[in-house]
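Peer 1: The structure that follows is given in the form of structure tokens.
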Amino acid sequence: MSYAIKVNGITHRVDVDGDTSLLWVLRDVLGMTGTKFGCGMALCGACTVHLNGAPRRSCITRVDTIGDAEVTTIEAIGATAAGRKIQKAWLDLEVVQCGYCQSGQIMSAAALLASNPQPTDSAIDNAMWGNICRCGTYVRIREAIKHAARSSGKEG
Ligand code: FES
Ligand code: FES
């Protein structure tokens, strides 16, 4: 089947089976390898993208369910106000260790900040609990989200 999906503002036509996951369409068909494969079962968060601004595990999202929803990936999250603040905070606080989980972490954090510019600790926990980091960068992730939140209102 042929599907038209809008990714980072550009509509792509892809010829794949309807049950192909968005993750493999992004990585194997469109060559966008910033979104990572971890578990394939919605258990780790490495594959997180945004659908209409909300975080979504792309490994369990069938391409035939996307319709005209807007997909945003790590490759373009820096073009959003929240994504830009999160990425800067990640650099300022040197969050990353091996890096494998981090695109998913950033996507979840950017969605949180976009919907809740001043998240409490419990809001951060609720938004981030499903993103696993085997390097244990959780403390720096939490601090970076707070750092990004403090910068809200200081820039566009
Ligand atoms: S690869 Fe999708 S949640 Fe782990
Ligand atoms: S930075 Fe290595 S798994 Fe998270």
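Peer 1: For ASP121, ASP64, what ranking results if the residue with the fewest other Cβ atoms within 10 Å of its Cβ goes first?
Peer 2: ASP121, ASP64
Peer 1: What fraction of the DSSP beta bridges in the stretch 2-153 is antiparallel, stated in percent and rounded to the nearest 5? Before the final figure, lay out the partial values.
Peer 2: Numbers: 13 of 15 bridges.
Within the stretch 2-153, antiparallel bridges account for around 85 percent of the total.
Peer 1: Just flag the chymotrypsin sites (Phe, Trp or Tyr not before Pro) in the stretch 59-130 sitting in loop per DSSP whose Cβ has no more than 13 other Cβ atoms within 10 Å.
Peer 2: Details: sites: TRP90, TYR100, TRP129; in loops: TYR100, TRP129.
Within the stretch 59-130, the qualifying chymotrypsin sites (Phe, Trp or Tyr not before Pro) (loop, at most 13 other Cβ atoms within 10 Å) are TRP129.
Peer 1: In addition: Around HIS50, with a cut-off of 10 angstrom between Cβ atoms, what is the net charge of the other residues, counting Lys and Arg +1 and Asp and Glu -1? Could the numbers behind the result be given before it?
Peer 2: On the way: positive: ARG56; negative: GLU70.
Every neighbour counted, the sum reads 0.
Peer 1: Would you compute, from DSSP H runs of 4+ residues alone, the mean residue ellipticity of the chain at 222 nm, taking -39500 (n - 2.57) per run and dividing by the full residue count, rounded to the nearest 500?
Peer 2: Numbers: 4 runs with 47 residues, N = 156.
So the calculated ellipticity at 222 nm is -9500 deg cm²/dmol.
Peer 1: Next up: For a quick check, take a GNM of the chain with Cα springs below 10 Å and name the residue from ALA89, ALA69, ALA54 with the largest mean-square fluctuation.
Peer 2: Of the options given, ALA69 has the highest mean-square fluctuation.
Peer 1: Applying the Karplus parametrisation 6.51 cos²θ - 1.76 cosθ + 1.60 with θ = phi - 60° to the phi angles of the stretch 62-76, what ³J(HN,Hα) value in whole Hz is obtained for each residue in order, glycine and proline being reported as x?
Peer 2: Once rounded to whole Hz, the list reads 5, 5, 7, 9, 7, x, 9, 5, 8, 9, 10, 10, 4, 5, 10.
Peer 1: Projected area of the chain, taken from the Cα convex hull and averaged over every viewing direction, in nm²? The partial results should precede the final answer.
Peer 2: On the way: hull surface 33.8 nm².
The orientation-averaged projected area of the Cα hull of the chain comes to 8.5 nm².
Peer 1: Next question. Arranged from highest to lowest average of other beta-carbon atoms within 10 Å per residue, in what order do the peptides 139-150, 103-114 appear?
Peer 2: On the way: 139-150: 19.7, 103-114: 25.2.
Result, highest mean first: 103-114, 139-150.
Quick note: the coordinates plus some simple rules give every number you see, no bench work behind them. Source: prediction; values computed, not measured. When we count neighbours, we look across all protein chains shown, and the Cβ atoms used for this are built from the backbone with ideal geometry, even at glycine.
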